[in-house]
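The values are calculated or read from the model by the stated rules, or taken from the named source; none is laboratory data. Small disclaimer: the values here were computed from a predicted structure and weren't measured. When we count neighbours, we look across all protein chains shown, and the Cβ atoms used for this are built from the backbone with ideal geometry, even at glycine. Each accessible area value is taken on the protein alone, full model and side chains, heavy atoms only, with ligands, DNA and RNA left out. Shrake-Rupley method; radii C 1.70, N 1.55, O 1.52, S 1.80 Å.
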Amino acid sequence: MTAATGSGARDEHVIVVGAGLVGSLLACYLGRRGYAVDVYERRPDPRSTEAERGRSINLALSERGLDALRRIDQVETVMAPALPMHGRAIHGQDGSVTFQSYSAHGDRAINSIGRGALNETLLDAAEATPGVRLHFSTRIAAYDLPTNTLTVEQEGEQVPVSGDIVLASDGFGSVVRQSLESLGRVSVVTDMLDFGYKELTIPAVDGDFALDPDALHIWPRGASMMIALPNPDKSFTCTLFWPKTGEGSFDAFITQQDIIEHFTSVYPDAFPLMPSLVADFQYNPVGLLATVHSDPWQVDGKVGLIGDAAHAILPFFGQGANCGFEDVVELDRCLAEVGDDWALALPMYQERRRVNAEAIAQLAKENFVEMRDKVGSKTFLATRKLEHALEKLLPGTYLSRYEMVSFTTIPYSEVIERSRNQQRLLAVATGGAVLAMATFATTVLRRLTGADDE
Ligand SMILES: Cc1cc2nc3c(=O)[nH]c(=O)nc-3n(C[C@H](O)[C@H](O)[C@H](O)COP(=O)(O)OP(=O)(O)OC[C@H]3O[C@@H](n4cnc5c(N)ncnc54)[C@H](O)[C@@H]3O)c2cc1C
């Protein structure tokens, strides 16, 4: 196969494996830098085919993702159909609903975006970028490191394709990463979660949203949870996060009666809004959830891993794609800083991003416990109120962890550091307040009992 012609500004021919969210954005950035880019995607062109049933339909896009899109003038197109969600709506098992705003002033929102629409916008943008060529229905079957050659499968044929640089954005099960792992050049630890996910639907009712569209809805149930995000067609996509086996797992509810009984008692307000519940539950697949830690992310300055291929994380902070988009921005920044010397840029990109991917992986894991267990508790609500009060009192100085992750581009590793320091301050302040109250109470008590007169 021949290489893309490129805009002619750079000598290197870059191959991108995978035209998912990160690969298509990456192609836009590289094309704009003047590279000839060939992108190989195993699926057919999603712009001319139907979406797969039951695979994560929408996702939450926040500041990091928007920042990456802004830099290539795509934010307006992407955001046109987006639905802002200004807070969480917590659904109790008694049918109660409590709204918690994400930011102190209630003005900041994360955005529900159709995954397919986002991918298609980025594919359009990549295709319109001089130097970028997209190849669909082309699966990469193998990768050879010494020659930087990929084996492309297309219509039963296997064709070798070489590039000066290979960038793997082929997701969680990356073939390129596996190949580097088998050579002992990359070490990979896959941390599988005991929970899986399944998607269900709440359709529009009389042409309108059945729930508040301005919120990310959560049904926290201790050992499991359900969430729902709004779609432009006024439906909601619900995602169950349940144990894979044992009590309360997907396997535990097989018959129509089991499913209906469970949803009536555990999700009483959602159940009547889900007319296709039984069919969705029985036929939609259970997706796997895992964290992938790989090291290094590049080999010999000629092949690199990016997005989920480098660092799949759990979805509980809504940051996987946002983080992958930040990878692209950072790689572009590194190339600019070293005059497009890939042998310098790839190690620099890895050095700067790996620590941050590890940080968001940890935060995402912690957020699962928060979402399924704590968000409904009085202590959590009180802490959020206190945090919002501090954010108003100390604007720009005190920022909650959620705010830093979702509404800024503060590196994730710094978010951990800063929120640790803030927690310490909060503990001291709370301790101080408790001490002051105790002293006050003792004084009043002594006065009332006349103990002061002794
Ligand atoms: C339930 C769930 C909810 C999520 N919610 C959010 C959210 O709210 N916000 C957020 O930011 N992130 C979210 N994520 C994470 C997000 O979906 C991923 O981080 C993101 O899709 C990663 O993009 P990627 O391009 O790196 O990988 P992928 O999206 O997996 O894309 C990889 C691409 O490579 C192609 N490919 C794979 N193998 C080959 C091959 N051998 N040859 C050619 N092509 C290949 C695939 O077909 C695919 O198109 C969620 C994930 C899940 C599972």
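Could you order peptides 102-108, 130-136 by the average number of other Cβ atoms within 10 Å of their residues, highest first?
Result, highest mean first: 130-136, 102-108.
Skip the ligands, DNA and RNA, and give the accessible area per residue of the chain with a 1.4 Å probe, whole Å².
Computed with neighbouring chains in place, this is 44 Å² per residue.
Note down the relative contact order for the chain as a percent, whole number, built from C-alpha pairs under 8 angstrom at least six residues apart.
Relative contact order of the chain: 18 percent.
Size of the range 192-288 along its principal axes in angstrom, Cα-based, largest extent first?
Over the range 192-288, Cα extents along the principal axes are 38, 29, 22 Å.
How big is the Rg/Rh ratio for the chain, C-alpha atoms only, Rh by Kirkwood, two decimals?
1.03
Around residue 242, what is the net charge, scoring Lys/Arg as +1 and Asp/Glu as -1 over all other residues with Cβ under 13 Å from its Cβ?
0
Would you list 344, 426 from the most to the least accessible area, probe 1.4 Å?
344, 426
Size of the dipole of the chain about the Cα centre, Lys and Arg at +1 and Asp and Glu at -1 on the beta carbon, nothing else charged, in debye to 20?
Using only the charged Cβ atoms, the result is roughly 880 debye.
Under the rule a/c < 1.5 gives rounded, and otherwise a/b versus b/c splits prolate from oblate, where does the range 257-405 land using the Cα gyration tensor?
Note, shape of the range 257-405 comes out oblate.
For the chain, return all DSSP H helices satisfying: extent of Cα atoms along own axis at least 20 Å; mean Kyte-Doolittle hydropathy at least 0.0.
Flagged H segments are 320-337, 412-449.
Quick check: at a probe of 1.4 Å, how many percent of the accessible area of the chain sits on carbon and sulfur atoms?
Carbon and sulfur together cover 53 percent of it.
To the nearest 20 Debye, how big is the dipole of the range 192-288 about its Cα centre, given +1 on the beta carbon of each Lys and Arg and -1 on that of each Asp and Glu?
Once rounded to the nearest 20, the dipole reads 220 debye.
Shape call for the range 76-116 from the C-alpha gyration tensor, a ≥ b ≥ c root eigenvalues: rounded (a/c under 1.5), prolate (a/b greater than b/c) or oblate?
Oblate, since a/c reaches 1.5 and b/c is not below a/b.
Let a ≥ b ≥ c be the square roots of the eigenvalues of the Cα gyration tensor of the range 363-413; is it rounded (a/c under 1.5), or, if not, prolate (a/b larger than b/c) or oblate?
Cα axes put the range 363-413 in the oblate bin.
Using Cα positions and a limit of under 21 Å, work out the lysines in reach of residue 198, with same-chain residues fewer than 8 apart set aside.
Result set, ordered by chain and number: 234, 244, 365.
For 273, 363, give me the order by solvent-accessible area with a 1.4 Å probe, most accessible first, ignoring ligands, DNA and RNA.
Reading off the accessible areas and sorting them downward yields 273, 363.
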